[in-house]
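Chemist: Would you mind keeping the following structure in view while I ask a few things?
The values are calculated or read from the model by the stated rules, or taken from the named source; none is laboratory data. Everything quoted here is computed from the prediction, not taken from an experiment. Counting neighbours? That spans all protein chains shown, and the Cβs are built from the backbone with ideal geometry, glycine included. Side chains included, ligands, DNA and RNA excluded: accessible areas come from the protein's heavy atoms. Shrake-Rupley method; radii C 1.70, N 1.55, O 1.52, S 1.80 Å.
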Amino acid sequence: MKKSLSTVLLLASLTSAPMLFTACSSDNDPIVNPIDDIRENLKGEIKNGEHIILETGVYKLTGALIVQNGGKLTVKPGVVIEATPYRDGEEIRYIAVAQGGQIFAEGTKEKPVIFTSTNKTQQAWGGVVLCGKAPINKGNTANAEVSGLPYGGTQVDDNSGIIRYARIEYSGYSYSSDKEFNGLSMFGVGAGTTIEYVQVHEGSDDGFEWFGGTVNTKYLVSTSNEDDLFDWTEGWNGTNEYWYGKEAANKGNRGVEADNNSNNHLAGPISNPTIKNLTLIGRGASSSEPQAMKLRVGTKTSMDNVFLSNWSVGIDIEHDESVGYVTDGSLKISNVKFENITTKSKGTKTVPQGSPEGTKGASVDVSAAFTENNNATGAGAGSGTPEWAKGWTVGI
């Protein structure tokens, strides 16, 4: 039997924090206390032992919402979190989950959770940031570039929660050219975390980016983002299935941009994700845009069933370490179908130290990195929208 809410309501009425606090009863049933202004003023910290549950409707994100160590944020199916317009001197609107915090944003195909903004334009707000305790190669720990929260550690199975059937729209607020939010940023996120059926749409930076960690993903959609559709660095290792990425007609950078560590290409753990069933669609082979895939600075990867369409270059591998992984078989892309690709592959050796500015490394044949298969379907339907991506996404 649940406890009375009277005490919780009284305490909540005395606090200035615009939140939904949850206590626990003797039988572990949650008690939810709605604060009147949470729908119009969602921001602040969810601290250790606190649990916010967003039940229905629209909630206005008016600043940073940080889920601290021991805190939880639950977002029910169909809920919309809408970032309000930013004004000079105000907090940037974003949602971040610190180490030890958890988010449970679990929508359905019919009622996805939507993270969006009032202004339907790129850079309208930050995005969603997860910081976990899984290994990275930037050091034992580091601090996330846009939230300042620590990330990294030794907990391979660390659990930051669940994001399933969710859309992240119009994100990518930029502090500067090298400090910019992505749609979903995963810093040292562990394999206990669930990321599946998630779309990032119309962001101004990358759609999805992994900074080390061991998190696995399924059913990701990245569309009309200004920079890369998918990006990884700092030693990410995860197992992934069904990625679909498509650029807008007039913007976008690479399909995949993949690094290990730009300061030390051999830093461990070495980035080495496994990806199966991948579609990347560019703006057109005649455009000046770069590659469907840029694999560099020591990354490895294993990919299978890949569909690449409308790019100038299909697979571009750069720096001695990554080129070397082609030779030893630890960078391998199997069963690739190239459609309207000008150059299937391109390889470049590392520029020798002390070379004049602007010097480029020698070209090298990296065609051994891939095998072709004209029957490859990628994410499920070649360049078409796969069935699993229908009904909960936009802009495909």
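Chemist: Can you name every residue in region 362-390 that is in a loop (DSSP other than H, G, I, E, B) and more than 14 Å from LEU220 (Cα to Cα)?
Modeler: Kept after step one, since they are in a loop (DSSP other than H, G, I, E, B), are these residues of region 362-390: 362, 365-366, 373-386, 390.
Those that are in a loop (DSSP other than H, G, I, E, B) and more than 14 Å from LEU220 (Cα to Cα): ALA362, ASP365, VAL366, ASN373, ASN374, ASN375, ALA376, THR377, ALA381, GLY382, SER383, GLY384.
Chemist: Can you go through GLY235, GLY213 and tell me which one is part of a loop (DSSP other than H, G, I, E, B), in contact with a Pro (Cβ under 7 Å, 6 or more places away or on another chain) and at positive phi?
Modeler: GLY235
Chemist: Out of SER185, SER222, SER204, report the one residue that is buried (at least 20 other Cβ atoms within 10 Å of the Cβ) and in a loop (DSSP other than H, G, I, E, B).
Modeler: Values: SER185 fails: in a loop (DSSP other than H, G, I, E, B); SER222 fails: in a loop (DSSP other than H, G, I, E, B).
SER204 is the lone residue from the list that is buried (at least 20 other Cβ atoms within 10 Å of the Cβ) and in a loop (DSSP other than H, G, I, E, B).
Chemist: Oh, and also: Does region 256-264 contain any residue that is closer than 18 Å to ILE195 by Cβ, in contact (Cβ under 8 Å) with a residue 40 or more places away in the chain, of a type outside the set (Ser, Thr, Tyr) and in a strand (DSSP E or B)?
Modeler: First, the residues of region 256-264 that are closer than 18 Å to ILE195 by Cβ: 256, 258.
Pick out the ones that are also in contact (Cβ under 8 Å) with a residue 40 or more places away in the chain and you get 258.
Those left that are additionally of a type outside the set (Ser, Thr, Tyr): 258.
This time we only want the ones that are in a strand (DSSP E or B), so: 258.
Scanning region 256-264 turns up at least one residue that is closer than 18 Å to ILE195 by Cβ, in contact (Cβ under 8 Å) with a residue 40 or more places away in the chain, of a type outside the set (Ser, Thr, Tyr) and in a strand (DSSP E or B).
Chemist: Of the residues VAL364, VAL306, VAL297, which is of a type outside the set (Ser, Thr, Tyr), more than 30 Å from ILE114 (Cα to Cα) and crowded, with 19+ Cβ neighbours inside 10 Å? Explain how you work it out, then say what you get.
Modeler: Numbers: VAL364 fails: crowded, with 19+ Cβ neighbours inside 10 Å; VAL306 fails: more than 30 Å from ILE114 (Cα to Cα).
Just a single option satisfies the conditions, and that option is VAL297.
Chemist: Would you point out which residue out of ALA96, ALA134, ALA124 is crowded, with 21+ Cβ neighbours inside 10 Å and at pLDDT below 95? Steps first, answer last, please.
Modeler: Values: ALA96 fails: at pLDDT below 95; ALA134 fails: at pLDDT below 95.
Residue meeting the stated conditions: ALA124.
Chemist: Then there is this: Of the residues that make up region 213-221, is at least one touching a His at 6+ places or on another chain (Cβ under 9 Å), modelled with pLDDT of 95 or more, aliphatic (A, V, I, L, M) and under 23 Å from GLY172 (Cβ atoms)? Talk me through it step by step, then tell me what you get.
Modeler: Filtering region 213-221 for residues touching a His at 6+ places or on another chain (Cβ under 9 Å) gives 221.
Filter once more, keeping what is modelled with pLDDT of 95 or more: 221.
With aliphatic (A, V, I, L, M) added as a condition, the list becomes 221.
Adding the requirement that they be under 23 Å from GLY172 (Cβ atoms) leaves 221.
Yes, that holds for at least one residue.
Chemist: Now for a different question. Cβ-Cβ below 6 Å, separation at least six or inter-chain, first residue in region 134-149 and within 17 Å of ALA96 (Cα to Cα), second β-branched (Val, Ile, Thr) and surrounded by fewer than 23 Cβ atoms within 10 Å (Cβ to Cβ): which pairs?
Modeler: Close Cβ pairs satisfying both conditions: ALA134/VAL156.
Chemist: Taking the criterion of being surrounded by fewer than 23 Cβ atoms within 10 Å (Cβ to Cβ), over 22 Å from the mean Cα position of the chain (by Cα) and closer than 17 Å to GLY314 by Cα, would at least one residue in region 264-275 satisfy it?
Modeler: Looking for residues that are surrounded by fewer than 23 Cβ atoms within 10 Å (Cβ to Cβ), over 22 Å from the mean Cα position of the chain (by Cα) and closer than 17 Å to GLY314 by Cα, one finds none in region 264-275, hence no.
Chemist: Next up: Which of (1) of a type in the set (A, V, I, L, M, F, W, C); (2) open to solvent by 20 Å² or more (accessible area, probe 1.4 Å); (3) modelled with pLDDT of 95 or more; (4) assigned to a loop (DSSP other than H, G, I, E, B) is the odd one out, the single condition VAL351 does not satisfy?
Modeler: (3)
Chemist: Let me ask you something else. Could you run through region 234-260 and say how many residues are polar (S, T, N, Q) and buried (at least 22 other Cβ atoms within 10 Å of the Cβ)?
Modeler: Going residue by residue through region 234-260, those that are polar (S, T, N, Q) are 237, 239-240, 250, 253, 260.
With buried (at least 22 other Cβ atoms within 10 Å of the Cβ) added as a condition, the list becomes 237, 240, 260.
Residues that pass the stated criteria total 3.
Chemist: In region 356-396, which residues are without any contact (Cβ under 8 Å) to a residue 12 or more places away in the chain and of a type in the set (Phe, Trp, Tyr)?
Modeler: none
Chemist: Let me ask something else. Answer yes if at least one residue in region 379-390 is touching a Lys or Arg at 6+ places or on another chain (Cβ under 8 Å), open to solvent by 60 Å² or more (accessible area, probe 1.4 Å) and either more than 30 Å from VAL113 (Cβ to Cβ) or not polar (S, T, N, Q) (or both), and no otherwise.
Modeler: So in region 379-390, the residues touching a Lys or Arg at 6+ places or on another chain (Cβ under 8 Å) come out as 382.
Those left that are additionally open to solvent by 60 Å² or more (accessible area, probe 1.4 Å): none.
No: zero hits.
Chemist: Right, here's the next one. Restricting to region 67-88, give me the number of residues that are in contact with a strand residue (DSSP E or B) (Cβ under 7 Å, 6 or more places away or on another chain), open to solvent by less than 50 Å² (accessible area, probe 1.4 Å) and closer than 17 Å to ILE168 by Cα.
Modeler: Final tally of qualifying residues: 9.
Okay, residues lined up against (1) within 30 Å of ALA166 (Cα to Cα); (2) among the acidic types (Asp, Glu); (3) within 24 Å of the chain's Cα centre (by Cα):
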site: ASN305; (1), (2), (3): yes, no, yes
site: SER312; (1), (2), (3): no, no, no
site: LEU331; (1), (2), (3): no, no, yes
site: LYS337; (1), (2), (3): yes, no, no
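Chemist: Now for a separate question. Working only within region 107-121, note down all residues that are touching a Pro at 6+ places or on another chain (Cβ under 7 Å) and open to solvent by 20 Å² or more (accessible area, probe 1.4 Å).
Modeler: Listed by number, the residues that qualify are THR108, LYS111, THR118, ASN119.
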